[in-house]
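Visitor: Got a structure for you, questions after.
The values are calculated or read from the model by the stated rules, or taken from the named source; none is laboratory data. Quick caveat, the model's predicted, so the values are computed rather than measured. Virtual Cβ from ideal backbone geometry, glycine too; neighbours counted across all protein chains shown. Protein only, heavy atoms only, side chains kept; ligands, DNA and RNA dropped before computing areas. Shrake-Rupley method; radii C 1.70, N 1.55, O 1.52, S 1.80 Å.
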Amino acid sequence: MKKLSLVKDDGEIREYRLNDGRLVTIDVSDDSELVVKDHKNNEIGKMNFSYRDEDFPGGSSYYHITWMYLDLKDSSYLHKGIGREALTHFKEVYGLPIKASDNDGLKKDDGSHLTGDAPTFVEKMRNEGLIEPVFR
């Protein structure tokens with residue numbers, strides 16, 4: 001498991017050092033998205049969320065991932081532990097579960113679908129307990 005080093009913690013905005021020395025900022029100040037930027041404030045990627053409230057007995061509130069990427073600049077930020085840390089930070093701030101739909105190759109009504117590295121990432125985060133499946 002790749003671990004980032006926390007450099008600065010301003011609550012909703014945290015700065016981390018990657019194992020290769022680069023700095024990234026994870027901003028979760030908006031509950032509909034988290035944004036990851038490099039040390040020059042250039043966007044690396046983001047995760048978009050939709051707040052959901054299951055309307056059946058025993059249902060609960062959660063955040064559903066509708067879109068995510070960490071390779072806006074290039075792929076050198078992938079597989080560094082940023083996504084894991086971003087999800088952990090988001091859950092700490094908002095205190096609700098994060099869910100993602102299964103990868104069935106279809107775009108959902110809400111626009112969510114898993115492409116690129118996302119299916120593997122979601123499965124890995126489910127195994128670690130950071131993301132839960134959506135049951136309908």
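Visitor: Quick check: the angle from helix 82-94's long axis to the longest principal axis of the chain, C-alpha only, nearest 10 degrees?
Guide: 60
Visitor: I'd like the orientation of helix 118-127 relative to the chain: the angle between its Cα long axis and the longest Cα principal axis, in ° from 0 to 90, rounded to 10.
Guide: Tilt of helix 118-127: around 80 degrees.
Visitor: Here's another thing I want to ask about it. Lys124 versus Val7, label points 7 Å from Cα toward the beta carbon: distance in nm?
Guide: It is 2.2 nm.
Visitor: I need to check one value: relative contact order of the chain, counting alpha carbon pairs closer than 8 Å and at least 6 residues apart, in percent.
Guide: 17
Visitor: What number comes out for accessible area per residue over the chain if the probe is 1.4 Å? Units Å², please.
Guide: Per-residue value: 56 Å².
Visitor: What's the ranking of 26-35, 84-93 by average number of surrounding C-beta atoms within 10 Å, highest first?
Guide: Taking the mean over residues of other Cβ atoms within 10 Å, the ranking is 84-93, 26-35.
Visitor: Whenever you get a sec, compute what percent of the accessible area on the chain sits on carbon and sulfur atoms (1.4 Å probe).
Guide: Answer for the chain: carbon and sulfur cover 47 percent of the accessible area.
Visitor: Past 22 Å, Cα to Cα: identify those pairs from Lys8/Lys99; Lys2/Lys91; Lys8/Lys124; Lys73/Lys99; Lys8/Lys37, in the order given.
Guide: In this structure, Lys8/Lys99; Lys8/Lys124; Lys73/Lys99 exceed 22 Å between Cα atoms.
Visitor: Subtract the Cα-Cα distance of Asp74 and Val134 from 0.36 nm times their separation in residues, and report this length gain in nm to one decimal.
Guide: 18.6 nm
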